[in-house]
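These notes are about the structure you will find just below.
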Amino acid sequence: MASLYAEQGKSVRQTFFLMSLFLVFVIGTGWLASYYFQSPSILYIVTLIAILINVFAYWNSDKIAVRLTRARAITREEHFAYWNMVENLCISIGAPMPKLYVISDPSPNAFATGRSPKHSAIVVTTGLLEVMDKAELEGVLAHELAHIQNRDTLLMTSVVVLFGFVVMLLDVLLHFTAFGGGDDDEGGSPLMLIIVVVAYLVMPLLLTIIRLAVSRKREFLADATAGVYTRHPEGLASALEKIGGIHQPMRHSSSATAHLFISDPFASYANSPNDAHMHRRGGRRQLGGRFARLFATHPPIPERVQALRGKQ
């Protein structure tokens, strides 16, 4: 378990690195805006907002994620098997009991959120509870508990707030640069406009690639940790195959929360077993597969199943 503890610490460090990067970027943007508009107060206001957003993201990003997915809290009496399974897993690994939620959706999926094991939640769809057998459901729930124990939830729920604010800030700066401010009464300077447009196009793209790359890596770790928790990796492997075989996107999906789920909520067919064969056909298919994988929220299900079954 030493390697797992090391990964937990790594996830926490990645979270604070992300928040620090966010602070540096926002403060740098504030300085650029204050220099351009010759108003130091802009830098002070933007810095204060950045600090407040960081604090808000740390304490409230889990609540935002739950609300965005339209999940509702449940009681033991409503979903006895689901509640007991999570409780038993928590007892076996010595973890605090998370809050439990359900999304009314026939597509099988689940995610975990929260800033720490003591302040966490697991969310599943009604479709997951309906199609999984006991071993498969236990594997999925262990996977979500692994995200909580590995501190992935702090990292991945924080980006929901932080990345949204970065895009909003760039959008505001682009508007003011293009249509007013500075020494040019008819609009902003061409050089400043070019800089802002490049940042507006490149920065969200770069941050998205980094966010999704981290998300894909954490999925593999959570799969492995779930196998340790249940001592039965086949349960999760079978569950992933079943999820990949049901070609039904969730009814209410959001790009802000897609990376939180155990499988891509937009289209399960993107992770179907046929994917592994499609990427092996021809140079164009391989190039297209690599490009698509760069923006994928999750690693392909066949790769995850193979890793769980020890075939990699």
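Please treat every number below as a calculation from the coordinates, not as lab data. Nothing here was measured: the structure is a model prediction, and the numbers come from that model. Backbone-built Cβ (ideal geometry, glycine too); neighbour counts: all protein chains shown.
Amide H to amide H under 5 Å from Q248: which residues, 5+ apart in sequence or cross-chain, H placed 1.01 Å off N in plane?
Under 5 Å from the amide H of Q248: S268, Y269.
Rounded to whole Hz and in sequence order, give me ³J(HN,Hα) for the range 252-264 from the Karplus expression 6.51 cos²θ - 1.76 cosθ + 1.60, θ = phi - 60°, writing x for Gly and Pro.
Residue by residue, the range 252-264 yields 10, 9, 9, 5, 5, 10, 4, 6, 6, 6, 5, 9, 3 Hz.
Specify the inter-centroid distance of the range 13-80 and the range 110-129, based on alpha-carbon positions, in whole Å.
21
Between L205 and I74, what is the FRET efficiency for a Förster distance of 30 Å, r being their Cβ-Cβ separation, to the nearest 0.05?
0.20
Each residue of the range 108-116 in order: what ³J(HN,Hα) in whole Hz does its phi give by Karplus 6.51 cos²θ - 1.76 cosθ + 1.60, θ = phi - 60°, with x for Gly and Pro?
Residue by residue, the range 108-116 yields x, 6, 6, 7, 10, 8, x, 7, 6 Hz.
What spacing in nm lies between the two simple spin-label points modelled at S39 and Q248, each 7 Å away from Cα in the Cβ direction?
Using points 7 Å along Cα→Cβ, the separation is 5.2 nm.
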